[in-house]
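All remarks here apply to the structure that follows.
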Amino acid sequence: MKKRVIAMVCAAIMLGHGAEGNASEVAVAPSESLTCEESLERRQQFVEELQALQVRLEQKIREMECSPTVSGSELLAKNVRHLQELSANTRAQRQSMADFEKFVTWMSSSLAGYEKYIQAGSMVAASPGSCRSPTRDRHRS
């Protein structure tokens, strides 16, 4: 598996789709002005860069293999915990809404009763002769 990944990365670099190191920029382009020695030097540099890239990729593969992974049972347990938390939050919100609804119902009935009390008092105060005014009592005597 490792060799396959490394081979694919190297092939991608050689095709000009390099990732790290941009080794494709150093690729030897056919040119008549380069001497044989310069051409060999460039190819050697290219090979060295590819080898360095291969070492970095192998190191990255080792790091990824050693990194902790989450098993299916751990993931399932985590999902179950998350769903239980959501369920508890939903229950708490529903309870709060039910409590508030009870409060609104109670407040509405209390206000309705208070309104009737005020209306009854207003009717008594508005009816003639229901209440003696102190100024009337002074004028009569």
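Conditions (1) in contact (Cβ under 8 Å) with a residue 40 or more places away in the chain; (2) on the phi < 0 side of the Ramachandran plot; (3) surrounded by fewer than 10 Cβ atoms within 10 Å (Cβ to Cβ); (4) not aliphatic (A, V, I, L, M), marked per residue:
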position: 45; (1), (2), (3), (4): no, yes, no, yes
position: 64; (1), (2), (3), (4): no, yes, yes, no
position: 71; (1), (2), (3), (4): no, yes, yes, yes
position: 75; (1), (2), (3), (4): no, yes, no, no
position: 81; (1), (2), (3), (4): no, yes, no, yes
position: 84; (1), (2), (3), (4): no, yes, no, yes
position: 96; (1), (2), (3), (4): no, yes, no, yes
Discussion item. On the basis of being touching a Gly at 6+ places or on another chain (Cβ under 7 Å) and at pLDDT below 65, does residue 31 make the cut?
Written reply: no
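Out of the range 28-43, which residues are open to solvent by less than 90 Å² (accessible area, probe 1.4 Å) and part of a loop (DSSP other than H, G, I, E, B)?
So the first thing to find is which residues in the range 28-43 are open to solvent by less than 90 Å² (accessible area, probe 1.4 Å), and the list is 28-29, 31, 34-35, 38-39.
Within the range 28-43, 28, 29, 31, 34, 35 qualify.
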Worksheet item: Do the conditions hold for residue 130, that is, is it at pLDDT below 95, in contact with a helix residue (DSSP H, G or I) (Cβ under 8 Å, 6 or more places away or on another chain) and exposed (fewer than 10 other Cβ atoms within 10 Å of the Cβ)?
Response: yes
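The values are calculated or read from the model by the stated rules, or taken from the named source; none is laboratory data. What you are looking at is a predicted structure, and each value in this text was computed from that prediction instead of being measured. For neighbour counting, all protein chains shown are included, and Cβ atoms are generated from backbone atoms with ideal geometry for every residue, glycine included. Protein only, heavy atoms only, side chains kept; ligands, DNA and RNA dropped before computing areas. Shrake-Rupley method; radii C 1.70, N 1.55, O 1.52, S 1.80 Å.
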